[in-house]
Amino acid sequence: MRFAVILAVLLSLVSTSRAQAGSIFTSRPDDPAAVTLAAPDFAVRADGVADDSAAIQAAIDKAASRPGGGLLFVPSGRYRLARTLYIWRAVRLIGVGATRPVFVLADNTPGYQHGIGRRRRVPIDERCSSSPTTTSTR
């Protein structure tokens with residue numbers, strides 16, 4: 001039991017330090033075919049306040065337009081997301097800069113209102129009662 005507690009504490013310290021670590025790529029690698037998420041090509045703010053979803057999606061789409069997919073370099077910053085992003089096959093996002101980029105979900109982002117792994121409790125009067133198979137007792 002004591003070993004398990006010590007192991008849990010050590011693992012939490014390791015995972016915390018890795019999350020706050022600097023980026024592996026401190027500067028943009030030299031790849032002329034890669035797309036970089038930056039103004040003026042994309043209307044991105046990276047301040048954690050303005051919604052950057054459309055700019056990030058446009059950059060992902062541009063990287064996807066390359067034959068065989070492509071790379072998207074995401075500079076350090078806080079990117080606020082208010083909608084779902086679609087990352088296409090063979091597109092890779094790579095953080096560059098002194099620190100890793102951080103993606104922040106906006107309030108009421110579709111699909112994330114109730115947290116991950118938590119189910120919303122639906123009042124009985126909202127449930128469909130047309131068939132006995134639609135009512136769940138979970």
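The values are calculated or read from the model by the stated rules, or taken from the named source; none is laboratory data. Computed from a predicted model, the values in this text were never measured in an experiment. Reconstructed Cβ throughout: ideal geometry from the backbone, glycine too, with neighbour counts over all protein chains shown.
Rundown of residues vs (1) at pLDDT 95 or above; (2) under 21 Å from the mean Cα position of the chain (by Cα); (3) closer than 21 Å to P40 by Cβ, yes/no style:
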| site | (1), (2), (3) |
| --- | --- |
| R83 | no, yes, no |
| I87 | no, yes, no |
| G97 | no, yes, yes |
| A106 | no, yes, no |
| G111 | no, yes, no |
| C128 | no, no, no |
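Looking only at segment 31-45, decide whether some residue is without any contact (Cβ under 8 Å) to a residue 60 or more places away in the chain, among the small types (G, A, S), surrounded by 14 or more Cβ atoms within 10 Å (Cβ to Cβ) and outside any strand (DSSP E or B). Checking segment 31-45: at least one residue is without any contact (Cβ under 8 Å) to a residue 60 or more places away in the chain, among the small types (G, A, S), surrounded by 14 or more Cβ atoms within 10 Å (Cβ to Cβ) and outside any strand (DSSP E or B).
So in segment 49-77, with the set limited to residues that are part of a loop (DSSP other than H, G, I, E, B) and surrounded by fewer than 15 Cβ atoms within 10 Å (Cβ to Cβ), which one is modelled with the highest pLDDT? Reasoning before the result, please.
Taking segment 49-77 and keeping what is part of a loop (DSSP other than H, G, I, E, B), we get 52, 65-69, 76-77.
Among the residues that remain, those that are also surrounded by fewer than 15 Cβ atoms within 10 Å (Cβ to Cβ) are: 65-69.
Numbers: S65: 93, R66: 87, P67: 86, G68: 85, G69: 86.
Looking at residues that are part of a loop (DSSP other than H, G, I, E, B) and surrounded by fewer than 15 Cβ atoms within 10 Å (Cβ to Cβ), I get S65.
You will find that of A98, A63, A106, A58, the residue that is farther than 17 Å from T36 by Cα and small (G, A, S) is A106 and no other. Looking only at residues in segment 53-81 that are charged (D, E, K, R) and within 11 Å of V102 (Cβ to Cβ), the one that is farthest from the chain's Cα centre (by Cα) is R78.
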